[in-house]
Each structure stands twice: as C-alpha cells, then as structure tokens.
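Asker: Below are the structure tokens for one structure; questions will follow.
Readers should treat all values here as calculations from the given coordinates under stated rules, not as data from a laboratory. These numbers were taken from a predicted model, which means no experiment stands behind them. Methodologically, a virtual Cβ is constructed for each residue, glycine included, from the backbone with ideal geometry; neighbour enumeration extends over all protein chains shown.
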C-alpha cells in the first residue's frame with residue numbers, strides 16, 4: 001500500500017475538510033440540485049474510502065483523484081436520472097451540459113472567485129459586459145490606463161490561480 | 001530585448017489578449033512582439049487564458065454554495081457503518097463458504113436474520129412499512145450507535161433507479177436526514193444508512209421514494225413488535 005493511501009476514517013475526515021467545499025461546488029454546478037450534490041459528494045468520499053488503498057500520492061494529488069471519482073459519480077447519477085420515467089413524452093431528454101464542459105466552466109468560475117475583487121470587476125465589465133474602458137474608468141474613478149493594467153494583472157492572476165488548481169490545457 | 005520600455009507594452013497585453021485594443025495600438029504592440037521573445041511568451045500565455053473566458057458564466061462568480069455542516073458527519077457515519085457491516089459480512093462469508101457479490105448480499109440479509117433470531121437482548125428494531133402499493137416492500141432494521149442510529153433498508157418492487165431519501169422523525173416531528181440511496185433492479189437491495197438521531201428518541205422512519213412518501217411510526221418501549229422482516233433474497 002503506498003504511503004499516504006486513504007485507508008482510515010481519519011484520512012477521510014481530513015480529505016473532507018480540505019476538499020469537500022470545492023467538490024460540492026462542482027457537484028451543484030453540474031447537477032443543478034443541492035440534494036443530488038450532497039448525495040454525489042457523499043458517494044465520492046465513500047468510494048474514495050473503499051478504494052483508498054489504491055490512492056498513490058506519487059501519481060497525482062488527492063484533489064485530482066477525488067475530482068476524478070466525483071466525475072464518475074456525476075455520470076452515474078445522470079444515467080440513473082435518465083432511466084427514471086421522467087423523460088418527456090416525445091422521448092427527447094432535456095439537453096444537459098456535457099460534463100467536461102461543466103468541469104471546465106466550474107474551474108474558471110472558481111478561479112474568478114479566487115482572484116482579487118478589483119481584477120474580477122474589470123474583467124467582468126470590459127470582457128463579459130463589453131463596456132468601453134473609458135466608461136469603466138469613470139465609474140471606478142480611476143484613469144483609463146489603470147483599468148487597462150488591471151485587466152492585464154487580472155488575466156495574470158487568473159492564469160496563476162488556474163495553475164495552482166492544477167488546470168492543464 | 002527586455003528593457004524598461006517593455007513595461008508600457010506589458011500592461012497593454014491584457015487588453016490586447018482580449019481583443020480590446022484599437023487598430024493602431026494593436027499594430028504597435030504586434031510590431032513590438034515581433035522583436036521581443038519575452039513579451040511574445042507573455043502574450044501567448046494571456047491569449048491562452050483569454051480563450052477560456054467564454055466558458056465561464058459571470059453570473060456564477062459570486063460565493064460558491066457550501067455543503068451543509070452535517071454532510072461531513074453523515075459521510076463519517078456511513079463509512080463507519082460500512083466498515084462494521086463489512087467485517088460482519090466477511091465473517092459470515094467465510095463461515096458459510098459463499099462467493100460473489102450476490103452471496104455478500106445474502107450474507108447481509110442472513111446477518112440480519114441471525115441477529116434478530118438470536119433472541120438475546122439486542123436493541124435492534126425491525127420495521128416493516130404497511131399500506132404500501134401492491135408489489136412494493138420496504139423494511140428496515142434500526143440499530144443504535146454512538147453517533148445515532150444505523151439503518152439497514154431493504155426495498156423491493158419500485159422502479160429501478162428511483163432515489164430513496166430516508167429520514168428519521170425525531171421529537172416534535174423534526175426529520176433528520178439519514179442519507180439516500182438508489183434502488184436498482186438486480187442490484188444489492190439492502191442499503192446501510194445512518195442518522196444523527198438517537199434511536200430511543202425516534203418517532204418514525206420516513207422514506208421518500210421518487211414522488212411517494214412512506215412513514216412507519218416507531219413505537220417506543222420494548223422492541224416487542226417484531227414484525228417479520230422481508231423474506232430473504234432467493235437468488
């Protein structure tokens with residue numbers, strides 16, 4: 001058994017304290033239901049504990065491993081939902097966002113939450129809302145050049161946070 | 001060519017990567033990037049980040065939802081219950097010489113029988129739900145634990161894939177979640193759950209199966225209402 005394997009209940013408690021909040025955030029994002037998300041997180045830790053001997057920190061981080069398990073749990077829950085007789089009469093299921101797209105979206109949104117408010121604000125205003133830099137600068141009471149440099153430092157911060165989160169492109 | 005002159009270009013690289021620069025400024029930057037490998041590398045990495053932005057939804061940049069505080073305890077008690085029931089199954093498994101997952105399920109069912117039939121002063125309670133639709137059977141064995149109550153549920157005859165949420169009703173009608181499981185045809189039809197409520201204080205066991213809700217009141221006092229649990233799996 002590799003050192004660091006997740007074998008006893010204390011390991012699970014520590015893993016929960018460190019990662020449950022992120023796992024839950026992604027589960028809510030992808031399942032769209034807090035009850036199902038709780039179920040998914042619970043199932044993730046139970047599966048992790050059952051397979052704990054196979055976790056090897058030499059190969060990848062605990063966080064990555066837990067996310068991989070959660071991804072499978074979410075797929076299973078999606079399948080189970082699909083066999084429930086709730087499909088519309090014409091047999092066409094409501095389209096759900098593909099899971100990996102949801103994971104990508106969640107990672108970027110999580111990274112956005114982690115960068116500073118000033119940086120996030122200028123990215124939202126200039127990029128997502130498409131507002132002119134001069135207008136944003138006037139609203140914030142700063143020179144236009146400051147908005148521009150915040151956009152630069154904001155993107156850099158986003159890149160660094162994504163790297164810390166283990167994002168690989 | 002990395003000089004102080006780069007700084008003024010650098011701070012415009014964000015707007016450049018997002019495609020926000022007017023044509024003349026963009027042309028100026030691109031001329032600089034032609035001759036400056038360091039700025040070129042920086043621009044490339046910002047362009048890579050900017051390509052991710054369309055995947056995010058700015059309506060979701062607010063605080064992330066947090067798991068409810070009891071979820072961690074529920075997971076800990078589920079794992080604790082599974083560890084205990086596993087070692088129990090293992091003993092029976094060896095003792096009876098069974099093999100395979102179906103045998104493990106049978107062994108679990110047997111474990112319940114062995115314990116209930118033993119006649120010793122086991123504080124376990126067996127619950128059979130009444131007033132169920134034709135063909136549906138739901139039963140449970142409740143076992144007091146240090147953290148509350150361990151619940152072994154068995155379900156038959158409902159649609160495969162149905163999500164069953166289980167609660168214990170405490171004093172004053174407050175429902176304490178014991179977690180949930182999904183019933184599957186052909187799968188192991190027993191599930192082990194746990195609730196942070198003392199068995200002695202429980203007034204009812206509640207199961208939401210799909211759209212339906214079933215309630216089995218628990219009579220307090222001695223465990224003499226030994227309702228026959230569901231018959232053993234014959235497969």
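Asker: When every alpha-carbon pair in segment A:115-169 is counted, what percent end up more than 15 Å apart?
Answerer: Looking at segment A:115-169, the distances longer than 15 Å represent 47 percent of pairs.
Asker: Starting from the 7 Å offset along Cα-to-Cβ, what nm value, one decimal, do you get for the label separation of residue A:113 and residue A:131?
Answerer: 2.4
Asker: Hey, another quick one. Between residue B:134 and residue B:175, what FRET efficiency follows from the Cβ-Cβ distance if R0 is 25 Å, with the result rounded to 0.05?
Answerer: My answer for the efficiency is 0.40.
Asker: Taking beta carbons within 10 Å but only from partner chains, what does the mean come to for residues B:158-167? If you can, show how the numbers build up before the last one.
Answerer: On the way: counts 0, 3, 3, 8, 4, 7, 0, 2, 0, 0.
Partner Cβ neighbours, averaged per residue: 3.
Asker: Which order do peptides B:55-67, B:160-172 fall in by mean Cβ count within 10 Å, highest first?
Answerer: So the peptides B:55-67, B:160-172, ranked by packing, come out B:160-172, B:55-67.
Asker: Separate question: Among B:156, A:148, rank each residue by its count of other Cβ atoms within 10 Å, from fewest to most, as a rough exposure measure.
Answerer: Numbers: B:156 16, A:148 23.
In order of increasing Cβ crowding within 10 Å: B:156, A:148.
Asker: Moving on to the next point. Modelled label-to-label distance, residue A:34 and residue B:25, 7 Å Cα→beta-carbon offset: nm?
Answerer: 4.3
Asker: With the crude spin-label approximation of a point 7 Å out along Cα→Cβ, what separation in nm comes out for residue B:51 versus residue A:51?
Answerer: Spacing of the two 7 Å Cα→Cβ label points: 3.0 nm.
Asker: Going by how many other Cβ atoms sit within 10 Å of their own, how do A:59, A:160, A:108 line up, fewest first?
Answerer: Ordered by Cβ neighbours within 10 Å, fewest first: A:59, A:160, A:108.
Asker: If you don't mind, there's one more thing I want to ask. Computed FRET efficiency, Cβ-Cβ of residue B:40 and residue A:72, R0 51 Å: what is it to the nearest 0.05?
Answerer: So, using R0 = 51 Å, E works out to roughly 0.80.
Asker: Please arrange B:152, B:126 by how many other C-beta atoms lie within 10 Å of their C-beta, fewest to most.
Answerer: Numbers: B:152 22, B:126 19.
With the fewest neighbours first, B:152, B:126 line up as B:126, B:152.
Asker: Which whole number gives the average count of other chain Cβ atoms within 10 Å of the Cβ atoms across peptide B:8-20?
Answerer: Mean partner shielding for this stretch: 5.
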